[in-house]
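Everything on this sheet refers to the single structure shown next.
The values are calculated or read from the model by the stated rules, or taken from the named source; none is laboratory data. Quick caveat: nothing in here was measured; it's all calculated off a predicted structure. Cβ: placed from backbone, ideal geometry, glycine included. Neighbour counts: every protein chain shown.
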Amino acid sequence: MKKLLLFIALISFMGTFHADAQMKVKKFGIALGQDWDMLPGLSTETLLSKTNESFSEDITPYFDLSNGFQYSSACDNPNIRLTLVFQPEFCSNVELQTSGVFIFDRMDAVYLYDNSDRGYRNLSVISHGNEIDLEGVLIKKVPVLGFLNLKFLNLYGGIGANAGYQFGNYLSVWGSDSEYSTGRWGNARESNHISENNNINDGISARVFAQAGFGITILRRVELGLEGRYGAGLRHYFATDTDFTNLHSIAFTAKYVLGKHKSKAERRMNRTRNINKARNILQNAVQLDWQ
């Protein structure tokens, strides 16, 4: 509860700051994304360094894979962003996108395997965690397609950063060891399994990135988009270590575009103006065709 109240207070402070800076809220929305916040050189040693030594010693025998190899690794960071977009009063094509970012069940995993005539062994070492961030992105908007002063396709590009708090972290280890032996009644298989969990300290994280994407406006007020990011960052776990990360990200966005409410007379006037513009365009096209 304290973390949630702190987060709400920070959002309120940012809103007050933007108001003083003569910015207006232009949009609000949500984004569903997937980050690949990769740890360079991800290995069992990297993951085990975040937990206590006694836990590492307990499972060390399962790492003695003389013919084994690390056949795969993974980094999954599903996230949700709640966003407010501010527009400076003095610039129509620049936006400041501020967000609260929620990452649930982050996973950094390493998978090992060993196969021989005597049997096989496999091991999975997975780091789990959650994170909550505050984020800001300065964006330049470039309208590229539209009709009658309504731009329905916009390209976006900019730079941004976020910082946050990691919590609920733990390390899980799962493995199996199966060996074949020859006895009086033929071959037999002996299997052993390991399944262990251990807590990892809370921590903090930060990232900087470049962002690009596009948005399509439908029904005048709803903007649907796709955006990608590329950048770098770091994660620090209290009393343990700090890791640098490489960020790749993709997200689907949905925003509602705010605007001044117009009276029936204003809407009728706008419709008449747009009809006249369309009529003029058609008349000019006909005249050019006759010429």
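Residues that are more than 30 Å from ASN246 (Cβ to Cβ), at pLDDT 55 or above and either surrounded by fewer than 18 Cβ atoms within 10 Å (Cβ to Cβ) or touching a Pro at 6+ places or on another chain (Cβ under 8 Å) (or both) are absent from region 29-49 altogether. Listed by first and then second residue, the pairs with beta-carbon distance under 9 Å, at least 6 apart or on different chains, first residue in region 100-128 and assigned by TED's automatic domain parsing to the domain that holds TRP174 and at positive phi, second crowded, with 17+ Cβ neighbours inside 10 Å and at pLDDT below 80, are GLY119/ASP177.
From the list GLY136, GLY129, GLY157, which one is modelled with pLDDT of 90 or more, in a strand (DSSP E or B) and surrounded by 20 or more Cβ atoms within 10 Å (Cβ to Cβ)?
Working: GLY136 fails: surrounded by 20 or more Cβ atoms within 10 Å (Cβ to Cβ); GLY157 fails: surrounded by 20 or more Cβ atoms within 10 Å (Cβ to Cβ).
Exactly one residue qualifies, and that residue is GLY129.
Within region 75-109, if we keep just the residues that are aromatic (Phe, Trp, Tyr) and over 19 Å from ASN154 (Cα atoms), the residue that is surrounded by the fewest Cβ atoms within 10 Å (Cβ to Cβ) turns out to be PHE90. Taking each residue of region 208-223 that is part of a strand (DSSP E or B) and looking for partners that are of a type in the set (Lys, Arg) with beta-carbon atoms closer than 6 Å, six or more apart or interchain, yields PHE209/ARG229; GLN211/ARG229; GLU223/LYS255.
Residues in region 252-263 include none that are of a type in the set (S, T, N, Q), loosely packed, with under 13 Cβ neighbours inside 10 Å and modelled with pLDDT of 65 or more.
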